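Below is one structure, written out as structure tokens; the observations come after it.
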Amino acid sequence: MEVLKQFLKEQDLPQRARACYQCGVCAGGCPVGRWRSDFNPRLFVLNILRDDITEILDHHSIWLCTSCLTCLERCPQKIEVSEIVVQLKNAAARNGNAAESEVKKHREIMKTGWLQNPTKRILRVRQELGLPELPEGIGSSELNHMASRLDWQEKMETLRKRGAQMSAGHEDHDESKKRDSRVD
Amino acid sequence: MVDAARHPGIELMTYSELKKVEGYVGNFHVTIEKKPRYVSESCNACDDCVEVCPIKVPNEFDQGLSPRRAIYQPFRQAVPSTYVVDLKNCIKCFKCVDACSLRAIDFSQGIEEIELDVGSIILATGFEVFDPTPLSEYGYGRWADVITGMDLERLLDPSGPTQGKLIRPSDFSVPRRVAFIQCAGSRDERHLAYCSGYCCMASIKTALQTREKYPDVEIAIFYIDIRTPHKGYEAFFRRARQEGITFVRGKPSEVIPGSEGQGMVIYTEDRDRAQHLEWETDLVVLATGAIPSRTAHELGSRVSVSLDETGFFREYHPKLRPIDSPSEGIYFAGAACGPKDIPYSVSQGSGAAARSSRILMNESLLIEPIVAKVDPSQCLNVEKKCGVCALRCPFGAIATAPGEPARVTPAKCVGCGTCAAECPKDCITIYHYNDLQIFAQIHTLLTECPEEKILAFMCRWCSYPGADNAGVNRLEYPPSSRGIRVMCSGRIKRDFVLEAFRRGAGMVLVSGCHSQDCHYISAQSHAERRLKPLFKTLKRMGISPERFRMEWISAAEGAKYAQIITEMDQTLKRIGQKRIKEENAAAHAALEKRLSDIPYLSYFSGETRKRASADMG
């Protein structure tokens, strides 16, 4: 956890959140918060200010953020709430807590080059419109080439491993220094 | 207002504008432009003219909620009660002229200029209400049922557009639910970064007023923090809670029309329960913040009083002299220098009147002897355009007419010395803190073992008392510092620092008030701007830049002073005397060249002094 706190400090996150006076405008306007009471951007900021991020990182609700930036636009103290959530996601991923859907998305991109596979409905509509059939992905050889040059596979593996290590309570500080922080 | 108009000692000049101000405290000469009303004072406010006027325009006093004619009285209790013709909207049909039985309407009136000699000036420009249209999330101007607190105030007024009946603008029905949104524009970095101060109490008051008239209306107030700092305010807040007004902690994020066009919905967070809340209501009232009067900027430039970053007038000192402007004899009342509520405005108005009478009751005014004096024979402004002194003077005490030497008005000057430090020809003397005196102090303090000394320049208000504070608190610091007191860090010339190094000083410290505490408004920032390049200059000359420091120390920061001196002493020891001497020797030629054009420095050179002491001996 200390490593992650350090990571958040490197992103200057607590400093950027410090002007927050907890008015709740972010939570009030959040389209996710309207449906999910456990998604509260104000509390995310508050937890960062209180230096207590353990719970949020384990919490899967941070992955619900759609980055609509409503909070950013309405914040009277110009705090980048959405950016804070993005960094929390990064920290959670380093902790091995990436949401299943995110991991799936990554795999999908590396496999097909698509962020999202066309759904059955889309395929049906295409057929109705008489559009040509879609290929099995747009080809991801270039992506894979780039990924291999960047040791992407290896990094993903390390991340996964470290996540497991962290949850077991063994943190390897030396290793964390060697790793690129932006792979998540 | 009626009282003021009836007072024998007060002459009210309404519908008039201050055009020009000359002179200084006790001797202001002002030019006032009296605008034509097109109605003479024989008007008895019978309303005959209004009845025949065919023009209808929105009534500004009623927030545009009711119409008025082109000839009108601003509001019923207006002083004077004389009507006025709004020439912008008048079509000059002259029906009013025919209708007036007193023949009071006179379209031949023109602008009248009045010149007056006055002793002091009080600026009471008040505030205006923020237009919440830019707060697009609340939809003011888009949804009819989103109104401002001021609109509601007019609606509840028995002599207002609805005779005191509360209606919602969309269908003129009486709303069953009313919600107030606090901080509409205030405490918002996107709009007004400050707290407007009055809106919490204003909303609570209007909410209670609504409750009294319509006991069945549900009232909610959405807020970030409720601020009740003055006497009786907290009790009033308590009463509002007891009366059943709902207070929801949470700044609303959005206001949208309800489903099927029924009422409005406020999206907010109920912070106490950390829950998203959709609050249904019929009428949304925005507690809009206060903004400076739109005339403030122009008026400020006419009386040479500057505005602060919020656009209100800047007072001499926010804590110690909140009523005074930087120019002696010009004072503020009410919301001219920041949003205020009624009791605070009244007390400030009384204060300003007392400050004025202090000047008006005396035959003469004593001022501090520390003032600037320009040597007219040296002033650069005679030959070409210079005006640096006038530009930098935080008090507008210097006038530089083209082709004439700069002229200081002693009654306006406070002796900070910024002009003297900035003058390119060194032709401004600050009495009691002149260059010769300061150079003499530099020389005397650096007579023996200068390379072991830290020469500290300290301002009279913050750093010097700060150093004193270190002593009073018995804080220990190395005995290597020697202090020179000046009125303000703005007085410190680059030459003072360079001269200290030429005399072989080990270290030089320049200290003054923190920027926001400067007792001469902006003089400290001028010092900072002026002295910053010295780090580079010194480096170029071969002197380690770490031997020069600029620090801002307040009067309470004795510990900081002690720490800075301790740090500097350590640096001094680390660099070592040998290297300091070498550096000084290396820089000597460059320093000599730089300081060669200061004639009286030769007075301090060894020979002159020897001769002087021989003469004395």
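Quick notes
- Filter result (touching a residue at least 60 places away in the same chain (Cβ under 8 Å) and either touching a Phe, Trp or Tyr at 6+ places or on another chain (Cβ under 9 Å) or not in a helix (DSSP H, G or I) (or both)) within the range B:564-583: B:Ile565, B:Thr566, B:Asp569
- Qualifying positions in the range B:171-190 - more than 10 Å from chain A (Cβ to nearest Cβ) and either of a type in the set (D, E, K, R) or not in a strand (DSSP E or B) (or both): B:Asp171, B:Phe172, B:Ser173, B:Val174, B:Pro175, B:Arg176, B:Arg177
- Residue within the range B:422-439 that is touching a Gly at 6+ places or on another chain (Cβ under 7 Å) and of a type outside the set (Ser, Thr, Tyr) present: yes
- The range B:253-277 - residue that is of a type in the set (D, E, K, R) and within 11 Å of another protein chain (Cβ to nearest Cβ) and, of those, most open to solvent (accessible area, probe 1.4 Å): B:Arg273
- Leading residue by the ranking (nearest to the other protein chains (Cβ to nearest Cβ)) among those in the range B:144-165 that are acidic (Asp, Glu) and either assigned to a loop (DSSP other than H, G, I, E, B) or open to solvent by 40 Å² or more (accessible area, probe 1.4 Å) (or both): B:Asp145
- Residue under evaluation A:Gly33, criteria (1) closer than 23 Å to B:Glu278 by Cα; (2) more than 9 Å from chain B (Cβ to nearest Cβ), criterion not met: (2)
- Some residue of the range B:515-527 being of a type outside the set (Phe, Trp, Tyr), closer than 13 Å to B:Tyr561 by Cβ and surrounded by 20 or more Cβ atoms within 10 Å (Cβ to Cβ): no
- Residue count for the range B:338-368 satisfying the condition of being within 15 Å of B:Lys319 (Cα to Cα) and either at pLDDT below 90 or open to solvent by 70 Å² or more (accessible area, probe 1.4 Å) (or both): 1.
- Lone qualifier among B:Leu534, B:Leu601, B:Leu572, B:Leu595 - being closer than 13 Å to B:Leu498 by Cα and modelled with pLDDT of 90 or more: B:Leu534
- Residue check for B:Ala505: open to solvent by less than 10 Å² (accessible area, probe 1.4 Å), in a loop (DSSP other than H, G, I, E, B) and either out of contact with any strand residue (DSSP E or B) (no Cβ under 9 Å at 6 or more places or on another chain) or within 27 Å of B:Glu592 (Cβ to Cβ) (or both): yes
- Considering the range B:212-252, the residues that are under 25 Å from A:Gln22 (Cβ atoms) and among the charged types (D, E, K, R) include one that is most open to solvent (accessible area, probe 1.4 Å), namely B:Arg238.
- Check on B:Ile543, touching an Asp or Glu at 6+ places or on another chain (Cβ under 6 Å), assigned by TED's automatic domain parsing to the domain that holds B:Leu445 and not in a helix (DSSP H, G or I): yes
- Any chance B:Tyr194 is within 14 Å of chain A (Cβ to nearest Cβ) and among the aromatic types (Phe, Trp, Tyr): yes
- Residue match in the range B:314-323 (condition: among the acidic types (Asp, Glu) and either modelled with pLDDT of 90 or more or crowded, with 19+ Cβ neighbours inside 10 Å (or both)): yes
- Those helices (runs of 4 or more DSSP H) lying entirely in the range A:56-159 with at least 3 residues surrounded by fewer than 15 Cβ atoms within 10 Å (Cβ to Cβ) and among the aliphatic types (A, V, I, L, M): A:120-129
- Residue match in the range B:280-301 (condition: among the acidic types (Asp, Glu), out of contact with any Ser or Thr (no Cβ under 9 Å at 6 or more places or on another chain) and in the same structural domain as B:Asp171 (by TED's automatic domain parsing)): yes
- B:Arg302 in a helix (DSSP H, G or I), over 13 Å from the mean Cα position of the chain (by Cα) and touching a residue at least 40 places away in the same chain (Cβ under 8 Å): yes
- Residue ranges of helices (runs of 4 or more DSSP H) in the range B:1-115 with at least 2 members within 32 Å of the chain's Cα centre (by Cα): B:2-6
- Applying a threshold of 7 Å to beta carbon distances and a minimum spacing of six or more residues, or different chains, the list of pairs starting in the range B:349-365 at a residue that is within 16 Å of B:Ser327 (Cα to Cα) and ending at one that is open to solvent by 40 Å² or more (accessible area, probe 1.4 Å) reads B:Ala352/B:Ile122; B:Ser356/B:Ile122; B:Ile359/B:Leu365.
- Restricting attention to the range B:26-46, the residues being open to solvent by less than 40 Å² (accessible area, probe 1.4 Å) and more than 22 Å from B:Ile114 (Cα to Cα) number 2.
- Residue count for the range A:67-100, restricted to those that are within 14 Å of chain B (Cβ to nearest Cβ) and of a type in the set (Val, Ile, Thr): 3.
- Condition check for A:Phe44: open to solvent by less than 20 Å² (accessible area, probe 1.4 Å), within 14 Å of chain B (Cβ to nearest Cβ), assigned to a loop (DSSP other than H, G, I, E, B) and not basic (Lys, Arg): no
- In the range A:1-12 there is no residue that is open to solvent by 20 Å² or more (accessible area, probe 1.4 Å), within 10 Å of chain B (Cβ to nearest Cβ) and touching a helix residue (DSSP H, G or I) at 6+ places or on another chain (Cβ under 6 Å).
- Filter pass, B:Lys20 being assigned by TED's automatic domain parsing to the domain that holds B:Val85 and farther than 30 Å from B:Met361 by Cβ: no
- Just one of the numbered conditions (1) without any contact (Cβ under 8 Å) to a residue 24 or more places away in the chain; (2) in contact with a Ser or Thr (Cβ under 8 Å, 6 or more places away or on another chain) is not true of B:Arg494: (1).
- Matching option when the condition is in contact with a Leu (Cβ under 9 Å, 6 or more places away or on another chain) and either of a type in the set (Asp, Glu) or open to solvent by 50 Å² or more (accessible area, probe 1.4 Å) (or both), among B:Arg168, B:Arg190: B:Arg190
- So B:Thr133, is it open to solvent by 20 Å² or more (accessible area, probe 1.4 Å) and either in a loop (DSSP other than H, G, I, E, B) or modelled with pLDDT under 95 (or both): yes
The values are calculated or read from the model by the stated rules, or taken from the named source; none is laboratory data. In this text, all values refer to a predicted model and were calculated from it rather than measured experimentally. A quick note on method: Cβ atoms are made from the backbone with ideal geometry, for glycine too, and the neighbour counts reach across all protein chains shown. Protein only, heavy atoms only, side chains kept; ligands, DNA and RNA dropped before computing areas. Shrake-Rupley method; radii C 1.70, N 1.55, O 1.52, S 1.80 Å.
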